[in-house]
1. Please count how many residues of segment 116-146 are assigned to a strand (DSSP E or B) and under 21 Å from residue 170 (Cβ atoms).
2. Can you pull out the helices (runs of 4 or more DSSP H) entirely within segment 196-309 that have at least 1 residues that are under 20 Å from the mean Cα position of the chain (by Cα)?
3. Residue check: is residue 361 more than 23 Å from the chain's Cα centre (by Cα) and more than 21 Å from residue 138 (Cα to Cα)?
4. Would you please name the residue that is surrounded by the fewest Cβ atoms within 10 Å (Cβ to Cβ), looking only at residues in segment 319-329 that are part of a loop (DSSP other than H, G, I, E, B) and touching a strand residue (DSSP E or B) at 6+ places or on another chain (Cβ under 9 Å)?
5. Determine, yes or no, whether residue 170 is closer than 21 Å to residue 76 by Cα, free of Cβ contacts under 8 Å to residues at least 40 places away in the same chain and over 12 Å from the mean Cα position of the chain (by Cα).
6. Could you count how many residues in segment 65-107 are surrounded by 21 or more Cβ atoms within 10 Å (Cβ to Cβ), touching a helix residue (DSSP H, G or I) at 6+ places or on another chain (Cβ under 7 Å) and within 28 Å of residue 312 (Cα to Cα)?
7. Could you say which residue among 153, 165, 138 is outside the structural domain of residue 351 (by TED's automatic domain parsing), under 19 Å from the mean Cα position of the chain (by Cα), touching a residue at least 24 places away in the same chain (Cβ under 8 Å) and more than 30 Å from residue 275 (Cα to Cα)?
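The values are calculated or read from the model by the stated rules, or taken from the named source; none is laboratory data. From a predicted model like this one, the values you see are computed outputs, not experimental measurements. Cβ: placed from backbone, ideal geometry, glycine included. Neighbour counts: every protein chain shown.
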């Protein structure tokens, strides 16, 4: 059971505002902040090199923490500056030729899709979008029908940036493994919100960020690459950390996932990420998911009862991202008005999930994303605020 009083004590900013923007950047708990401040102080006293040397055991332990979070091995983990870099290092390491097919979902995130477009432009590869089923989830039967020998990658976003959708990641993984197709999973909005087990999911590569539901610092991310695939991939960019220079005309890639890293890193942020992962693991991802879904469900039900509201969420079992529009009100104006009332929420533009937005004729939507440290009273506060925007 989650000790909400202790967790809120570890989140002092939660007492000063109703913070429901965890799909953007969550509030860091005090142990994360303390670890980062402590390392900055250490760097100011003895310099960055010596500070990293002194904290080498803690820095090395971050790989183990992330591995435990994902049910992976530490040598399958790379730490990166953000989730986009993690995803790109995996994607651009894959070879594509003319006619090769990339299968993705309707709600794929813009950063990923523009990379597909670039590779298609460069190589002649083809992007095929798997249709959604009646619930809005990726249609796994349609995916199965679309498989042929030309499919070289299945790449989807597990929990898209808006819409509450949770795509059937494990079902997709079973298809990918059956056909021996590499499977790249963007887990940015899933990690920290729900259990993530790469063995159960069956993905070959997974990218995620620290700043969202993990409650870590900005400027952190990580990449998982399954060991058998790892040995087949050469990163698109290397330095002498990823690939030591062993002779005048020779370099040798590292044997582990750190071949996707570079030598220089923000060690302060890495330490914060490690503490954030350990903090989530100590609470338990099962209880975290249960509470997130409870709070999001309460918000959906309350919002849905307000006249003029259109819920924009999809899927059989939506996660902790609640998207909606209010007739006659601009989404960004709603966000600004809520901020004046001490409530932090966000908005999502159609350009972030262009295909989904076109298919559903979505305008900018309000995005509220509760987390386990939120209270039922905070959910009700947002519902009441939105209700006051409608005519009486």
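1. Number of matching residues: 4.
2. Fully inside segment 196-309 and qualifying: 198-201, 267-283, 285-304.
3. For residue 361, the condition - more than 23 Å from the chain's Cα centre (by Cα) and more than 21 Å from residue 138 (Cα to Cα) - is not met.
4. Here the residue is 327.
5. Yes.
6. 6
7. 138
This table checks each residue for (1) surrounded by fewer than 24 Cβ atoms within 10 Å (Cβ to Cβ); (2) at pLDDT 95 or above; (3) touching a helix residue (DSSP H, G or I) at 6+ places or on another chain (Cβ under 8 Å); (4) not assigned by TED's automatic domain parsing to the domain that holds residue 319.
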| position | (1), (2), (3), (4) |
| --- | --- |
| 171 | yes, yes, yes, yes |
| 174 | yes, yes, no, yes |
| 178 | yes, yes, no, yes |
| 188 | no, yes, yes, yes |
| 192 | no, yes, yes, yes |
| 200 | yes, yes, yes, yes |
| 203 | no, yes, yes, yes |
| 206 | no, yes, yes, yes |
